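The values are calculated or read from the model by the stated rules, or taken from the named source; none is laboratory data. Note that this is a predicted model, so its numbers are computed, not measured. All Cβ positions, even for glycine, are placed from backbone atoms using ideal geometry, and neighbour counts span all protein chains on display.
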Amino acid sequence: MNRIIILTVCLVMVLSVSAQSKKERKKDKIKSTTEFATTFINGVSTTYKSSYEEYTKNGKVLMKIEYSPEGTILSKETAKYDEFGNKTEETKYDAAKMKNVRKTYKYDAFKDKTEEVEYSPSGTVERKTAFTYNSNGEKTSEVITDAAGTIVKKMVYTYNPKKLKVNRQTFNTTNALEEEKKWEYEYY
């Protein structure tokens, strides 16, 4: 009996240590991974499925489910991708909050995210974020609007000649400056 417990513990440790990176999942053509955990209470071991993940052929996560020791779903995430590998949609379910959140994404020709839309459980738009970029591909603004299209928050970014972010200004619903962050760099 002790050998079985030791073998189980070693197996769980090996499985959790050998979790694959996206690059390795792609190279090894891994379609899915199931993770098992073993708990020990008063010398009694219990093994259960703790998570399950499915991947695209490029190693990106399509679905991830976390389970409790009793087998109930704690959280579930799904994702969809376009032909360029950009995430176009994701859905997250949180059992503790009993909430399902869905987001969609749009990209420009340079693979820069231009829009993010968050939907309510009923499918109506709750929040929309629009992103703009300069000719160097640096994000210059982020504008968040509510369901009615009213600006909730706006962030404006500036960069130095080395293309490093040096300033972020955050404006509120009345377009008044709410916060400003600055970055200074020291070079060798």
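On the basis of being modelled with pLDDT under 95, touching a Phe, Trp or Tyr at 6+ places or on another chain (Cβ under 9 Å), polar (S, T, N, Q) and not in a loop (DSSP other than H, G, I, E, B), does Asn167 make the cut? Spelling it out, it is not the case that Asn167 is modelled with pLDDT under 95, touching a Phe, Trp or Tyr at 6+ places or on another chain (Cβ under 9 Å), polar (S, T, N, Q) and not in a loop (DSSP other than H, G, I, E, B).
Considering the range 1-40, and only residues there that are of a type in the set (A, V, I, L, M) and within 23 Å of Lys57 (Cβ to Cβ), the residue that is modelled with the lowest pLDDT turns out to be Leu15. Within the range 138-152, restricting attention to residues that are within 23 Å of the chain's Cα centre (by Cα) and in a loop (DSSP other than H, G, I, E, B), the residue that is modelled with the highest pLDDT is Glu138. For the range 157-188, a residue qualifies if it is of a type outside the set (Phe, Trp, Tyr), touching a Ser or Thr at 6+ places or on another chain (Cβ under 7 Å) and under 17 Å from Glu138 (Cα atoms), and the qualifying residues are Val166, Asn167. At least 1 residues being under 30 Å from Ala147 (Cβ atoms) and among the basic types (Lys, Arg) is the threshold, and among the strands (runs of 3 or more DSSP E) wholly inside the range 26-118 those reaching it are 61-67, 73-81, 87-94, 99-107.
Based on this model, can you work out whether Val125 counts as of a type in the set (A, V, I, L, M, F, W, C) and either surrounded by 15 or more Cβ atoms within 10 Å (Cβ to Cβ) or under 30 Å from Ile73 (Cα atoms) (or both)? For Val125, the condition - of a type in the set (A, V, I, L, M, F, W, C) and either surrounded by 15 or more Cβ atoms within 10 Å (Cβ to Cβ) or under 30 Å from Ile73 (Cα atoms) (or both) - is met. Evaluate the following for Asp112: is it among the charged types (D, E, K, R), at pLDDT below 95 and out of contact with any Pro (no Cβ under 8 Å at 6 or more places or on another chain)? Answer is no for this residue. Residue count for the range 56-65 satisfying the condition of being within 20 Å of Phe36 (Cβ to Cβ) and surrounded by fewer than 16 Cβ atoms within 10 Å (Cβ to Cβ): 1.
Within the range 71-86, none of the residues are surrounded by fewer than 14 Cβ atoms within 10 Å (Cβ to Cβ) and touching a Gly at 6+ places or on another chain (Cβ under 9 Å).
What about Lys181, is it modelled with pLDDT of 95 or more, surrounded by 14 or more Cβ atoms within 10 Å (Cβ to Cβ) and over 21 Å from Lys111 (Cβ atoms)? No; evaluated as a whole, the condition is false for this residue.
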